[in-house]
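S.K.: Quick one: the structure is below, questions incoming.
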Amino acid sequence: MSEGVEWAIHSCLNLTWLEPGEAVTAARMAAFYELPAAYLNKQLQALARAGILASTPGPRGGFRLARRAEDITLLDMVIAIEGPEEAFRCEEILRQGPGDHEGADYRRLCVVSQSMRRAELAWRRELAGQTLDDLRMIVERRVPATPGRTRAWFANLRT
């Protein structure tokens, strides 16, 4: 998984603490974590194409959440950045090994493919079961000052 997933999730989390309708530019979000703005912007654009973020042009424009945080899962964000393909791709190398495997269904025959598929499904279920709002609530419980500090930091950059 690329670093863009981490950057995207943290950026979306920060957007949960902004005032309704407020938008933040990619450059401002990148400055928050000292990330390369052009690369972060690519991740934010992918989130916008997926309907997770909305992009507003103009001098007061930027990115904001397009949906409620409770309606955005971690899996939504991972798929927006990495794509929907499975992490493990069975190339059916078992076919090249010794033995008679002609006409075999390798997804049923290969224990490696089966094990990796089970792990993939468990991973996706876990990500689909956690929302951006879940993360927001955990952060606010652990570090209650985070929302105010985040809003203040972005507000100070507007000058």
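S.K.: Would you confirm, using the coordinates I've provided, whether Glu22 is of a type in the set (D, E, K, R), closer than 28 Å to Ala155 by Cβ and open to solvent by less than 50 Å² (accessible area, probe 1.4 Å)?
M.R.: yes
S.K.: Consider only pairs whose beta carbons are under 7 Å apart and that are at least six residues apart or on different chains; among these, list those whose first residue lies in the stretch 122-133 and is closer than 19 Å to Leu65 by Cα and whose second residue is acidic (Asp, Glu) and assigned to a helix (DSSP H, G or I).
M.R.: Listed pairs, sorted by first residue: Thr131/Glu70; Asp133/Glu70.
S.K.: Filter the stretch 75-88 for residues that are in a helix (DSSP H, G or I) and among the hydrophobic types (A, V, I, L, M, F, W, C) and give the result.
M.R.: Leu75, Met77, Val78, Ile79, Ala80, Ile81
S.K.: Also: Out of all the residues in the stretch 39-68, which are part of a helix (DSSP H, G or I) and either among the hydroxyl-bearing types (Ser, Thr, Tyr) or out of contact with any Cys (no Cβ under 8 Å at 6 or more places or on another chain) (or both)?
M.R.: The answer is Tyr39, Leu40, Asn41, Lys42, Gln43, Leu44, Gln45, Ala46, Ala48, Arg49.
S.K.: With open to solvent by less than 50 Å² (accessible area, probe 1.4 Å) and closer than 16 Å to Trp153 by Cβ as the only criterion, which of Trp17, Trp7 stands out?
M.R.: Working: Trp7 fails: closer than 16 Å to Trp153 by Cβ.
Step by step, each of Trp17, Trp7 is checked, and only Trp17 is open to solvent by less than 50 Å² (accessible area, probe 1.4 Å) and closer than 16 Å to Trp153 by Cβ.
S.K.: Hey, another quick one. Mind checking which residues of the stretch 81-95 are open to solvent by less than 100 Å² (accessible area, probe 1.4 Å), over 22 Å from Leu40 (Cα atoms) and not hydrophobic (A, V, I, L, M, F, W, C)?
M.R.: Residues satisfying the conditions are Glu86, Glu92.
S.K.: Touching a residue at least 12 places away in the same chain (Cβ under 8 Å) and closer than 30 Å to Met116 by Cα: does that describe Thr73?
M.R.: Yes; evaluated as a whole, the condition is true for this residue.
S.K.: In the stretch 89-138, how many are β-branched (Val, Ile, Thr) and either assigned to a loop (DSSP other than H, G, I, E, B) or over 22 Å from Leu75 (Cβ atoms) (or both)? I'd like the intermediate steps shown before the answer.
M.R.: The initial filter retains those residues of the stretch 89-138 that are β-branched (Val, Ile, Thr), namely 93, 111-112, 131, 138.
After this cut, where a residue has to be either assigned to a loop (DSSP other than H, G, I, E, B) or over 22 Å from Leu75 (Cβ atoms) (or both) as well, the list is 93, 111-112.
Residues in the stretch 89-138 being β-branched (Val, Ile, Thr) and either assigned to a loop (DSSP other than H, G, I, E, B) or over 22 Å from Leu75 (Cβ atoms) (or both): 3 in total.
The values are calculated or read from the model by the stated rules, or taken from the named source; none is laboratory data. Note that the coordinates shown come from a computational prediction; the quantities given were computed from them, not determined experimentally. Don't worry about glycine lacking a Cβ; one is built from the backbone with ideal geometry, like all the others, and counts go over all protein chains shown. Ligands, DNA and RNA are stripped out before the accessible areas are found, and what is left, the full protein with its side chains, is counted by its heavy atoms. Shrake-Rupley method; radii C 1.70, N 1.55, O 1.52, S 1.80 Å.
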